[in-house]
Amino acid sequence: MLLEASSVEKWYLRGKGFSNRFFAVNSTDLILESGKVTVLTGRSGSGKTTLMNMMAGLLTPDGGKVLLDGKDLYAMDDNTLSRLRNRHFGMIPQGAEILPDLTVMENILLPIGIYRDRYGRSASEAEECARELLEQMEIGDLSDVPAKELSGGERRRVCAARALAGAPEFVFADEPTSDLDDDNTKIILSVLRQATASGCAVMIVTHDPEALGYADIHYRMDGGSLSVLPEDNKPKEEKIHAI
Amino acid sequence: MNIRKLPFTNLLRKPGRTIALVLLTALLALSVFGGSVVVMSMQRGLKSLESRLGADIIVVPSSAQSKVSFKNMLLQGTTGAFYMSGENLTRTLEVEGVEKAAPQLFLASLKADCCSIKIQVIGIDPETDFIIQPWIEESCRQELGDMDVVVGCDVGVGAGDTLKIYEQYCHVTGKLAPTGTGLDSAVYCNMDTMNKLLKAAEAKGITHDITSEDEGLVSAIYVKVREGYDIGKVNSAIQGHTRKASAVRTKSMITDVSGSLSGISRTVTWLTAAIWILSLVILLIAFAMIVNERKKEFALLRLLGTSRRLLGSVIRIETAVCSLAGGIAGVMIASVFLFPFTKLIESSLGLPYLTPPLPRILLTALATLAGTVIMGSLASAWAAGRLSRVDPGIVLRGN
């Protein structure tokens with residue numbers, strides 16, 4: 001599957017009047033390639049998260065298109081787009097949002113239980129996968145713990161497991177390692193890297209230089225404009241073996 | 001975790017929020033159901049009284065109007081201890097246009113073995129009575145003979161039973177349909193039985209305003225006007241022809257009360273409507289606050305692929321369960337406070353109060369439940385609709 005942003009832009013109004021538009025993302029093209037980790041860095045407010053949300057079908061662009069295998073996401077009706085997000089996209093949101101009243105395992109399996117006719121990984125397969133992911137992320141003993149009792153780092157790891165448990169084709173991770181110690185940072189980045197082995201495309205938005213070591217492609221965003229940094233774009237095979 | 005289980009999980013694992021919502025809707029249901037039942041009971045009580053009171057005119061001693069409120073006697077059935085000469089009965093019958101005249105003799109409240117409440121004994125003349133006889137609901141004997149009584153619906157005996165008053169055994173020959181007034185605790189007997197009861201009371205040293213020696217006294221005369229005659233003119237004629245007595249038109253009195261009752265009904269209806277509107281506003285605010293508090297939770301569900309429609313149904317199910325539980329609780333609380341205390345409500349309102357039949361109560365309860373569920377759903381749909389218009393990406397970014 002190919003996910004492609006074509007001339008997408010997003011602006012917000014600051015103050016009154018159309019002339020006071022602030023462009024969070026200028027007309028931008030971006031392709032997410034299967035089996036690759038794309039890392040997007042940049043200063044705060046440079047438009048990284050806005051671009052990622054548009055790619056993930058969560059934020060309607062003011063211009064341009066986001067195409068999945070040639071089909072415009074934002075031309076789809078809400079039901080179709082929601083199902084598509086549920087089946088093909090996994091996301092680690094910036095705030096590491098989880099449902100606090102559910103257990104860790106319930107949170108991870110929630111996306112799989114949204115649609116009865118969800119194809120792909122079955123509930124039992126997903127549960128098995130979720131347990132493996134929790135083990136990999138060293139929180140295997142927390143599966144029955146209410147999510148509200150988790151620390152920030154644990155929440156982020158649960159979000160990563162939730163994003164990956166349904167075996168999506170695209171994973172979007174927004175600051176997945178913020179507030180994490182070095183060990184936990186390595187764990188999350190390694191797990192995301194591993195997901196590309198099955199053809200998953202991973203997009204990471206981060207300030208963390210550690211993530212660059214796991215990137216196949218590195219983009220930088222400044223003032224809403226994207227630039228590719230080719231010198232960083234080399235395979236990271238050694239990192240996979242390091243896990 | 002299945003999305004269809006999510007509303008129930010949310011409700012169970014957030015008991016504080018759930019209880020607050022249930023209480024809010026319970027308050028709404030309580031006021032609506034309670035208000036409706038009270039209004040219906042008052043309307044039914046007056047209707048029953050109106051249809052039951054076959055008399056066009058009631059003649060009472062002039063002193064009665066000052067001793068007790070005559071309206072109270074009619075509406076609450078609290079008979080007073082007032083008497084006038086039986087000659088007034090003959091004089092009333094002499095007036096042109098009077099078709100029937102039925103005397104009644106009141107004996108102030110007394111306690112009987114049968115009941116926890118005080119009963120009133122009312123002496124009637126079975127041969128001329130046209131007030132009580134048509135309303136005997138169950139009867140084993142038609143004639144009200146010596147030591148026979150007919151009882152109001154609140155007197156805890158049935159037709160065929162024996163009622164002991166002042167050590168005298170009275171045979172219950174019939175039971176009256178409910179009126180929603182104090183007459184439901186009255187015992188009707190003929191004048192001879194009344195005299196025997198008075199004697200028995202005197203033998204026990206109990207005195208009343210009337211003694212067994214006072215013969216020919218009556219407390220009230222119920223008059224039926226012949227068809228074609230003007231009730232007002234007959235009333236004036238009776239007033240002029242009788243001595244130390246006042247003739248009162250029942251219809252005008254009932255019309256007065258009916259007018260005041262419709263005023264009360266209007267007030268209660270407006271109050272109920274105000275409570276509904278206020279509750280809708282409170283529910284809207286409450287749901288808006290809850291949805292706002294949970295906006296990240298809902299945005300997360302959208303992020304995970306929940307469609308607007310599916311998210312709406314999750315919110316609606318949560319609301320419907322809360323509203324239904326609150327509605328049931330409100331109806332039950334109102335029932336606990338209304339139905340066992342009908343007599344208390346009746347006496348504090350000073351109006352006939354007759355609880356509607358069970359099917360009508362059930363229908364009102366169902367309408368109340370439907371109303372609370374619909375209102376809750378509308379309020380949550382409005383709040384959820386506002387939220388779903390915003391992209392989840394924007395909601396989640398609002399950290």
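The values are calculated or read from the model by the stated rules, or taken from the named source; none is laboratory data. Quantities reported herein were computed from a predicted structural model and do not represent experimental measurements. Glycine gets a Cβ as well: all are built from the backbone with ideal geometry, and neighbour counts include every protein chain shown. These accessible areas exclude ligands, DNA and RNA; they are computed on the full protein's heavy atoms, side chains included. Shrake-Rupley method; radii C 1.70, N 1.55, O 1.52, S 1.80 Å.
The table below gives the values:
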| item | result |
| --- | --- |
| Test result for B:Thr267, buried (at least 17 other Cβ atoms within 10 Å of the Cβ), modelled with pLDDT of 70 or more and within 21 Å of the chain's Cα centre (by Cα) | no |
| Evaluation of B:Lys199 against (1) open to solvent by 10 Å² or more (accessible area, probe 1.4 Å); (2) in a loop (DSSP other than H, G, I, E, B) (one fails), failing number | (2) |
| Subset of region A:140-151 (residues that are within 13 Å of chain B (Cβ to nearest Cβ) and of a type outside the set (Lys, Arg)) | A:Ser143, A:Asp144, A:Pro146, A:Ala147, A:Glu149 |
| Subset of region A:33-75 [among the small types (Gly, Ala, Ser) and assigned to a helix (DSSP H, G or I)] | A:Ala75 |
| Positions within region B:164-190 being open to solvent by 10 Å² or more (accessible area, probe 1.4 Å) and farther than 15 Å from B:Trp135 by Cα, in sequence order | B:Lys164, B:Tyr166, B:Glu167, B:Gln168, B:Tyr169, B:His171, B:Gly182, B:Asn190 |
| Boolean, A:Thr60 is within 30 Å of A:Val25 (Cα to Cα) and touching a residue at least 60 places away in the same chain (Cβ under 8 Å) | no |
| Residues being within 14 Å of another protein chain (Cβ to nearest Cβ) and either of a type in the set (S, T, N, Q) or within 22 Å of the chain's Cα centre (by Cα) (or both) - total across region B:302-351 | 3 |
| Check on B:Val157, of a type outside the set (S, T, N, Q), part of a strand (DSSP E or B) and out of contact with any helix residue (DSSP H, G or I) (no Cβ under 7 Å at 6 or more places or on another chain) | no |
| Qualifying residue in region B:65-81 (condition: out of contact with any Pro (no Cβ under 6 Å at 6 or more places or on another chain), at pLDDT 85 or above and open to solvent by less than 10 Å² (accessible area, probe 1.4 Å)) | no |
| Residue check for B:Lys244: more than 34 Å from the chain's Cα centre (by Cα), surrounded by fewer than 19 Cβ atoms within 10 Å (Cβ to Cβ) and modelled with pLDDT of 90 or more | no |
| Subset of region B:265-301 that is closer than 18 Å to B:Leu28 by Cα and free of Cβ contacts under 8 Å to residues at least 60 places away in the same chain - its residue that is nearest to the other protein chains (Cβ to nearest Cβ) | B:Ile285 |
